[in-house]
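Take a look at the structure below.
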Amino acid sequence: MLQHIIGSVIGAAIAWLVLVVTGASSSSQYVTAVVIGAIATVFWPLVIGFILARRVKQRRNDQIQSEVDRQINQQKGG
C-alpha cells in the first residue's frame, strides 16, 4: 500500500516537473508528461532497489577489506 502511495507521489511530481519544464502549451505535452509520470511510478522500486543493492555491496566490500587489513597488520606485527 505504501509503495503505491509513494509511486503515485513520485509519478505526479515528475509529471508536474515535465509540465513546468515544457511549458505545456498543447495537449500532446500533457500526454507526454502523464506518460513519463506513469513510467516513473512503475519503475521507481527498481531504481531504489538498485541503489540499495549497491550500498549493501559496498558495505560488504568495506567489511571484507577491513578484515583483510586487520589480518595483514596482525601478520606483520606478530
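The values are calculated or read from the model by the stated rules, or taken from the named source; none is laboratory data. All of these numbers come straight from a predicted model, not from anything done at the bench. With ideal geometry, Cβ positions are generated from the backbone for all residues, glycine too; neighbour counts draw on all protein chains shown.
Okay, residues lined up against (1) over 27 Å from Met1 (Cα atoms); (2) in a loop (DSSP other than H, G, I, E, B); (3) touching a strand residue (DSSP E or B) at 6+ places or on another chain (Cβ under 6 Å); (4) free of Cβ contacts under 8 Å to residues at least 60 places away in the same chain:
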| site | (1), (2), (3), (4) |
| --- | --- |
| Ala13 | no, no, no, yes |
| Ser25 | yes, yes, no, yes |
| Gln29 | yes, no, no, yes |
| Ile39 | no, no, no, yes |
| Phe50 | no, no, no, yes |
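Could you say whether any residue in the range 11-25 is modelled with pLDDT under 90, exposed (fewer than 13 other Cβ atoms within 10 Å of the Cβ), out of contact with any Leu (no Cβ under 8 Å at 6 or more places or on another chain) and of a type in the set (Gly, Ala, Ser)? So far as the range 11-25 goes, yes, one or more of its residues are modelled with pLDDT under 90, exposed (fewer than 13 other Cβ atoms within 10 Å of the Cβ), out of contact with any Leu (no Cβ under 8 Å at 6 or more places or on another chain) and of a type in the set (Gly, Ala, Ser).
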